[in-house]
Structure formats: C-alpha cells, structure tokens
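In what follows, a structure is listed as structure tokens, so that the remarks can point back to it.
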Amino acid sequence: MAAGRSIRKQRTAQLRGRDYSEFYVYGNAVRQAEPVPQKMPKARPQQPKRTSRQVAKNRNRAMTISPAYAVFLAGAAVCAVLICMQYLSLQSDVLRRSEHVTAMQEELAELTEANDTLYNSAADSVNLETVRERAINEMGMVYAAQGTVIEYDSPSGDYVKQYSDIPESGVLARSSDASE
C-alpha cells in the first residue's frame, strides 16, 4: 500500500508541471513525446527606443493626407453619391412604369371583357330569319339561280375601281321575279 502512495505522489508531482515526458500511453500507437515549453520569466517593461528624426518625420508625413489627395477623395465620394442617386432614380422610374403597365393591363382586361359582352349581346340580338325576310320582301333580293352567278377573277391588285355612283335607293337592278 505504501508503494501505491508513492506512485500517486510521483504522478501528482508530474502533473504539477515538473516532468511530463514520463507518462505512460496505453494502446498500440504511441505518440511522440513533445517537450513542454518552459515558462519565461516575466520581463520588465522596456523603455521605448528612441527613433531618429528622419524616421519620425517620415512617419508623420505618412500619417497626413496631402490636399490633392483630399480633393481627389472628396471628388470620388461626390461621384459615388451622384451615381447612387441616379441608380435610385432609375429604380423608382422602373417601379413606377411597372405599376403603370399593371394598371393598363387591368384596364385592358376590363375593356376586353366589356367588348366581348357587347359583341355577344349584339350577335344574340340578330335574328337571321328576320334579316332574310326583310331582304326578300323589302329589298327585292332573290336566291341565286343556276347561271345567274358570275365569277370574277380579280387581277393582282387589291382594290376595285368604281366608274359610276351607286343610286341612293341602293338597288342597281331589279329582278323580274321580285314579286314571287
């Protein structure tokens, strides 16, 4: 038991910083032992070294900004601010135009819906039977018979020349079978 205490005392002494190189490592891969760096004694504060006048002069010159460089920096800052303002202006213009386009698209959708509704109501209000009866009875129109249809081959032009005026009655010729 006395032997166990002496080993513990040795190990405690080792842990207190006296000798770390004698630890036993369990396992099959033993690491390389590294020496523990010894603590350096606390150094007294050193007095600052005196620098030469030329070094002090160069340091002071490096710490100051020349007037030309200050003007250059001010100009660069002004340019940066102007560019940022222009960018924000363009960004707000794009946003405003986008909102305007959206409003116009909504208006177009409303007008298209209204147009479709009016077209459908106009198409529903026309009775083709009434139109046929009026054309035959009031206007004197007849169905085309065999041989009365003359086909016209249009030349390459896209328009027709009119050589005489259309009468106010709107009838150019009346068929003899109009009474039927």
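The values are calculated or read from the model by the stated rules, or taken from the named source; none is laboratory data. The model shown is predicted, which means the values in this text are computed figures rather than measured ones. Heads up, the Cβs are rebuilt from the backbone with ideal geometry, glycines too, and the neighbour counts pull from every protein chain shown. Just the protein is used for accessible areas: all its heavy atoms, side chains included, with ligands, DNA and RNA removed. Shrake-Rupley method; radii C 1.70, N 1.55, O 1.52, S 1.80 Å.
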Subject >> Hits in the range 83-103 (condition: open to solvent by 100 Å² or more (accessible area, probe 1.4 Å) and of a type in the set (A, V, I, L, M, F, W, C)) >> reply: Ile83, Met85, Leu88, Leu95
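Among Ser156, Ser125, which is of a type in the set (S, T, N, Q) and modelled with pLDDT under 70?
Details: Ser125 fails: modelled with pLDDT under 70.
Every option except Ser156 fails the conditions.
Step by step: first the residues of the range 61-82, then only those that are in a helix (DSSP H, G or I) and loosely packed, with under 10 Cβ neighbours inside 10 Å, then the one that is farthest from the chain's Cα centre (by Cα). Which residue is that? Walk me through it before giving the result.
As a first pass, look at the range 61-82 and keep what is in a helix (DSSP H, G or I): 61-63, 67-82.
Narrowing the set further to residues that are loosely packed, with under 10 Cβ neighbours inside 10 Å leaves 61-63, 67-68.
On the way: Arg61: 49, Ala62: 46, Met63: 45, Pro67: 43, Ala68: 41 Å.
Checked the range 61-82; the qualifying residue farthest from the chain's Cα centre (by Cα) is Arg61.
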